[in-house]
Amino acid sequence: RISHNMMPGLLSKFGFFEAVEDLFEQINNSGKIKAEMHIEGEKIRLKENLEIMLYRIIQEMVNNSLKYAEAKNISLILGVLPEKLSIQFSDDGKGFDVEEKLNQKTAGLTNIMSRVNFLKGEISIESLPGKGTIIFLQVPINNE
């Protein structure tokens, strides 16, 4: 259901932060996984295309944790800085060999990486088999 809800009404009406909060509330209400989210800084409206791309990146990370990692807990920290947005996403799932996955060009990670590159952002993925996954990314927000 998460991956099919590509453009929730909340995203266009209230913005990225409210849409992600709602997504995490839905995940928690499902009872299948514990999802924690924390926002550091002011919840501001971003450019529409940036909000859509960031929301889809979050969806993809959540989807990967649910579908492949068999995680019991996921955590998201969004940091709003004057010029950029930082995202730290982690799960306690089964983890993977990062280099091997990147070489396989799996759809989920490839989608995340290409969206981050399109947004002129930076991404770092840390994972080991049996150790869960942490994804750090930063994207410029240039919110004129």
If R₀ is 22 angstrom, what is the calculated FRET efficiency for the pair Asn111 and Ile134, using the beta carbon separation as r and rounding to 0.05?
0.75
Relative contact order (percent) for the chain, with alpha-carbon contacts under 8 angstrom and 6 or more residues of separation?
22 percent
Helix 107-118 vs. the chain, principal-axis angle (Cα, 0 to 90°, nearest 10):
40 degrees
What part of the accessible area of segment 104-143, given as a whole %, is carbon or sulfur when the probe is 1.4 angstrom?
55 percent
State the number of lysine pairs found in segment 37-144 whose Cα atoms come within less than 25 Å, restricting to pairs 8 or more positions apart or on distinct chains.
18
Along Cα→Cβ, 7 Å out, is where each label goes; now give me the distance between the ones at Glu122 and Asn28 in nm to one decimal.
3.2 nm
Residue among Ala107, Ala19, Ala71 with the largest mean-square fluctuation in a Gaussian network model of the chain, springs linking Cα atoms under 10 Å
Ala107
For the chain, share of DSSP beta bridges that run antiparallel, in % to the nearest 5:
75 percent
May I ask you to compute the full-extension gain from Phe14 to Glu42, defined as 0.36 nm times their residue separation minus their alpha-carbon distance, rounded to one decimal in nm?
8.7 nm
Between helix 48-67 and the chain: long-axis angle, C-alpha atoms, 0 to 90°, nearest 10
20 degrees
Separation of alpha-carbon centers, segment 67-91 and segment 41-61, rounded to whole Å
12 Å
Long-range HN-HN contacts of Leu85 with modeled amide H, under 5 Å:
Val139, Ile141
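The values are calculated or read from the model by the stated rules, or taken from the named source; none is laboratory data. The structure presented is a predicted model; accordingly, all values stated were derived computationally and were not measured. Because the Cβ atoms are built from the backbone with ideal geometry, glycine has one as well, and the counts that use them run over all protein chains shown. These area figures cover heavy atoms from the full protein model, side chains too; ligands, DNA and RNA do not enter into them. Shrake-Rupley method; radii C 1.70, N 1.55, O 1.52, S 1.80 Å.
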